[in-house]
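Here is the structure we will look at, set down as structure tokens.
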Amino acid sequence: MAYKYKRGKIWYVAYKEKDGTIKRISTGLTTAVEAKEVLAEYQLHELRNESLNRPVNENRVSLGELKTHYLEYIESTMSPRWVHNKQLILEERIIPHFGITTPIKDITLRKIEFYQRERLEPVEIEVLGETIVKHVKPRTVNIDTHHVLLPMLRKAQEWGWLTDVPKVKKLPEDEGRMRFLTKEEAATLRDTAEKTSPEIHCFVMLGLYTGIRVGEAAMLRWQDIDFERRTITIAPREGWTTKTRRGRTVNVHETLNDFLKNYREKHGQKSELVLDLSTDAIKKRFRRLVGFAGLPAKGDDKVTPHTLRHTYASHLVMNGTPLFNVANLLGHSNTETTRLYSHLTPENNQRYVDNLDF
């Protein structure tokens with residue numbers, strides 16, 4: 001297995017190639033922390049050269065071995081984007097900290113809590129010659145531990161490679177403000193979009209009236225729209241999948257239904273796709289639209305394509321729609337994410353309580 005060593009002030013890495021030969025390279029680095037990151041890359045390089053099908057010693061499964069098998073497993077259960085994000089978190093943060101050769105049975109509650117504390121420590125970095133203090137938010141650390149590391153350990157337990165998984169508490173998060181458009185802002189955005197571009201106007205209407213994600217809007221086909229039943233079906237298909245790899249049917253408001261009919265008549269069906277724009281093109285045009293509309297484009301109050309999704313959900317909740325139904329319409333795999341909108345329902349809670357009669 002790859003290891004690092006020092007000659008003078010410089011750290012070196014020794015690693016094994018696919019043919020079994022040992023190679024030694026200079027990292028050109030003088031600090032152990034930076035050299036450790038380089039070492040992790042070459043340890044990963046060694047693992048990639050090994051066969052995934054080789055027998056696993058269930059009593060000595062390393063973090064690196066589990067990571068390799070786990071990523072292969074989730075490729076068939078999660079969207080490519082989420083698989084990529086998990087891989088980055090593992091390779092850039094979790095593995096360099098715990099060590100690629102560390103047996104997973106040695107990743108204890110105490111060690112994970114230490115990782116949480118260390119990640120929250122401010123770090124000084126240099127950007128263009130200027131020193132900047134970087135702070136990591138508790139939510140980011142919770143994603144590392146509760147969305148990546150712990151699910152991977154639980155899968156190892158299912159595979160019989162681990163007896164117990166540590167019960168780690170989430171760090172308290174600042175929920176902050178869920179940015180959504182007021183009715184006046186939404187009207188301004190719609191009016192400006194109508195004067196700017198037919199395609200981006202269509203995206204704004206889809207976002208406001210269905211809460212569709214940008215990637216879903218880019219891949220929406222005319223055949224997915226049922227004008228008679230007033231529904232849109234968003235489901236995985238060959239060559240593309242939704243974020244959660246699940247399908248859903250969204251009920252369409254009459255206003256949007258009529259708009260899409262007119263849009264198809266005026267602009268024709270250039271292809272099977274409704275917008276015929278890439279995800280990046282939609283985002284780029286939307287940023288320009290926000291500027292034209294005079295809405296915030298920077299800061300905590302900025303308007304992004306995802307703001308349309310928050311707007312859709314927030315106004316549904318404020319209109320008294322139960323969170324379970326909102327979760328179904330948004331395509332959330334559970335209501336935990338939808339719970340972020342629960343603060344918008346105080347008057348509805350009072351109404352429900354007032355309806356009690358014993």
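For the range 89-98, the Karplus equation 6.51 cos²θ - 1.76 cosθ + 1.60, evaluated at θ = phi - 60°, returns couplings of 4, 5, 6, 9, 10, 6, 5, x, 6, 7 Hz by residue, with Gly and Pro reported as x. Please give the FRET efficiency for residue 273 paired with residue 297, using the beta carbon to beta carbon distance and R0 = 22 Å, rounded to the nearest 0.05. With R0 = 22 Å, the Cβ-Cβ based efficiency is 0.20.
Helical content of the chain, expressed as a calculated mean residue ellipticity at 222 nm, amounts to -13500 deg cm²/dmol (DSSP H runs of 4 or more residues, -39,500 (n - 2.57) each, divided by residue number, nearest 500). Angle of helix 63-74 to the longest C-alpha principal axis of the chain, folded into 0 to 90 degrees and rounded to 10: 30°. For the chain, the longest principal axis of the alpha carbon atoms and the long axis of helix 254-267 meet at an angle near 90°.
Each label point was placed 7 Å from the Cα along the Cα-to-Cβ direction; for residue 182 and residue 113 their separation is 4.7 nm. Sorting the segments 223-229, 198-204 by their residues' average number of neighbouring beta-carbon atoms within 10 angstrom, most packed first, yields 198-204, 223-229. For residue 105, the lysines whose Cα falls under 27 Å of its own Cα, not counting residues fewer than eight places away in the same chain, are 4, 16, 36, 67, 86, 155, 167, 169, 170. Going by alpha carbons, how many degrees (0 to 90, nearest 10) lie between the helix axis of 198-210 and the longest principal axis of the chain? Tilt relative to the chain: about 90 degrees.
Bear in mind these aren't lab numbers, they're just calculated from the coordinates by the rules spelled out. Please read these numbers as outputs of a predicted model, since none were measured by experiment. Virtual Cβ from ideal backbone geometry, glycine too; neighbours counted across all protein chains shown.
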